[in-house]
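In what follows, a single structure is set out as structure tokens and then discussed.
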Amino acid sequence: AARRVLLNPTVEAAVFETSLEAICDEGLGFDRCQVAVVVGVGNGIRLDVAEWDTPDKQTLVHRTVSDVVLPGGFLVMQAGEPLGALIAEKCHGRLVLFALSETERGLQEHLSGGGWGVYGRGAQIVFRQGEVANAITAHGPLSPSRLAAIAAAWAVGLDCEQIASASL
């Protein structure tokens with residue numbers, strides 16, 4: 001289905017969800033993207049291949065998605081992912097981290113280095129790029145899935161007001 005959408009010349013934007021199993025079986029279905037969201041990494045994927053026993057090799061399937069981000073694009077990941085640095089290291093785009101709290105491991109270090117982040121603070125969602133921060137009211141509970149979608153929307157260029165009005 002993804003290939004049919006991508007081959008349609010009238011399509012300007014598309015959002016696809018895929019599983020690690022589908023990537024292993026079929027590949028991605030596209031070779032470049034503006035924004036990639038990688039979630040649920042944990043300790044990586046264990047494949048039934050004897051040589052796939054190191055963290056570097058266990059992240060290869062996850063990296064399939066991050067490696068196709070265009071220069072000027074964005075990779076969205078949850079702060080604190082144990083293998084996040086290995087997945088992001090070959091990405092050509094910028095890294096946007098999201099977290100339920102600003103105290104999540106790795107988030108402040110990323111932000112203090114000029115990185116981008118989206119995180120919850122009380123009843124607010126904070127958008128921060130380096131030292132510049134904006135916030136909107138979070139209407140409803142925050143979840144990792146919701147924050148990933150909000151971070152992706154911000155990465156493609158929606159501003160805080162547009163995201164707030166969309167009630168993401």
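Values for this structure:
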| item | result |
| --- | --- |
| Residues satisfying the stated conditions in region 17-34, i.e. hydrophobic (A, V, I, L, M, F, W, C) and over 11 Å from Val65 (Cα atoms) | Ala22, Cys24 |
| Residues located in region 1-60, provided they are within 28 Å of Ala99 (Cα to Cα), at pLDDT 80 or above, open to solvent by less than 60 Å² (accessible area, probe 1.4 Å) and not in a loop (DSSP other than H, G, I, E, B) | Cys33, Val35, Ala36, Val38 |
| All positions within region 143-157 that are of a type outside the set (Gly, Ala, Ser) and out of contact with any helix residue (DSSP H, G or I) (no Cβ under 9 Å at 6 or more places or on another chain) | Pro144, Arg146, Leu147, Val156 |
| Conditions (1) surrounded by fewer than 17 Cβ atoms within 10 Å (Cβ to Cβ); (2) among the hydrophobic types (A, V, I, L, M, F, W, C); (3) modelled with pLDDT of 90 or more; number of the one not met by Ala79 | (1) |
| Checklist (1) within 19 Å of Val38 (Cβ to Cβ); (2) open to solvent by 70 Å² or more (accessible area, probe 1.4 Å) applied to Phe98, failing item | (2) |
| Every residue from region 113-157 that is closer than 16 Å to Leu97 by Cα, of a type in the set (Gly, Ala, Ser) and open to solvent by less than 30 Å² (accessible area, probe 1.4 Å) | Gly115, Gly117, Gly120, Gly130, Ala148, Ala151, Ala152, Ala153, Ala155 |
| Residue list for region 104-139, filter: without any contact (Cβ under 8 Å) to a residue 24 or more places away in the chain, part of a loop (DSSP other than H, G, I, E, B) and in contact with a Ser or Thr (Cβ under 9 Å, 6 or more places away or on another chain) | Ala123, Gly130, Glu131 |
| Failed item in (1) at pLDDT below 95; (2) under 26 Å from Thr59 (Cβ atoms); (3) open to solvent by less than 20 Å² (accessible area, probe 1.4 Å), with Cys160 passing the rest | (2) |
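The values are calculated or read from the model by the stated rules, or taken from the named source; none is laboratory data. As the structure is a prediction and not an experimental result, all values here were calculated from the model. Note: ideal-geometry Cβ built from the backbone for every residue, glycine included; neighbour counts use all protein chains shown. Ligands, DNA and RNA are stripped out before the accessible areas are found, and what is left, the full protein with its side chains, is counted by its heavy atoms. Shrake-Rupley method; radii C 1.70, N 1.55, O 1.52, S 1.80 Å.
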